[in-house]
Amino acid sequence: MLWSMTRARRPSPLLLALCLAVPACAFAAGDDPVSRFLVERGLVARAVEHAAPASAWRDRASDMVVGALHFLGVPYKWGGNSQDEGFDCSGFTRHVFEISLGRTLPRRSDEQAHQAGLVEVDRSELKPGDLVFFNTLRRAFSHVGIYIGDGRFIHSPRKGTQVRVEDMRLDYWKRRYDGARRAPEAVPVATAAAAPRATAILPLPGAPGVGP
């Protein structure tokens, strides 16, 4: 799975905290290393009511979010496309989509926004794994990140920063929001009725400062 495709390392405390921002059903009955790590340490409770087999509800969007969080702290680099060299915003989303979905996105953020096959998504319908776009350079779709749930997204902001999580509900991002796109192959395979019911998870700490 995706976790084994990235450089293996023990999850950091920040990664664990951010993983908790993903909806509880994404981890409650999972069989991947991160899910087991969280459950074994009592950070997330297993679902016990109406729990379906993991294969019936797990979706590639959840794997995409966990994989994206794995790159927290990777430095920004203009034109960067990999963990070793660093990422710019569109290089980051392109890399995560390729290793998690096998989909190759265009290189530029505005090209990703207009990529054939991606579905436009209303802000009220955002789901983890969706691409979210912003106008940070006085032009449409000049910045892109990946929505992780709970009003937050992960991205590579600008020179001198690192891959990090931001809160889309902050005024800076609300004023610059341009829309969202979804890859059809990332849509969950189970309906809400078939998904396991999970207990509450720990809250996410405050996100780092805002950047363009």
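A few points about this structure:
- Within region 135-157, the presence of at least one residue that is among the hydroxyl-bearing types (Ser, Thr, Tyr), closer than 20 Å to Trp78 by Cβ and in contact with a Ser or Thr (Cβ under 6 Å, 6 or more places away or on another chain) is confirmed.
- Qualifying residue in region 96-111 (condition: closer than 26 Å to Asp59 by Cα, aliphatic (A, V, I, L, M) and more than 15 Å from the chain's Cα centre (by Cα)): yes
- Verdict on Arg164 being among the basic types (Lys, Arg), touching a residue at least 24 places away in the same chain (Cβ under 8 Å) and surrounded by fewer than 20 Cβ atoms within 10 Å (Cβ to Cβ): no
- Some residue of region 93-104 being of a type in the set (Ser, Thr, Tyr), touching a strand residue (DSSP E or B) at 6+ places or on another chain (Cβ under 6 Å), part of a helix (DSSP H, G or I) and in contact (Cβ under 8 Å) with a residue 40 or more places away in the chain: yes
- Residue within region 67-87 that is under 14 Å from Arg182 (Cβ atoms) and of a type in the set (Val, Ile, Thr) present: no
- Test: Ser100 is surrounded by 13 or more Cβ atoms within 10 Å (Cβ to Cβ), in contact with a helix residue (DSSP H, G or I) (Cβ under 8 Å, 6 or more places away or on another chain), modelled with pLDDT under 95 and small (Gly, Ala, Ser): yes
- Condition broken by Ala47, with the remaining ones in (1) at pLDDT below 95; (2) assigned to a helix (DSSP H, G or I) satisfied: (2)
The values are calculated or read from the model by the stated rules, or taken from the named source; none is laboratory data. Quantities reported herein were computed from a predicted structural model and do not represent experimental measurements. Heads up, the Cβs are rebuilt from the backbone with ideal geometry, glycines too, and the neighbour counts pull from every protein chain shown.
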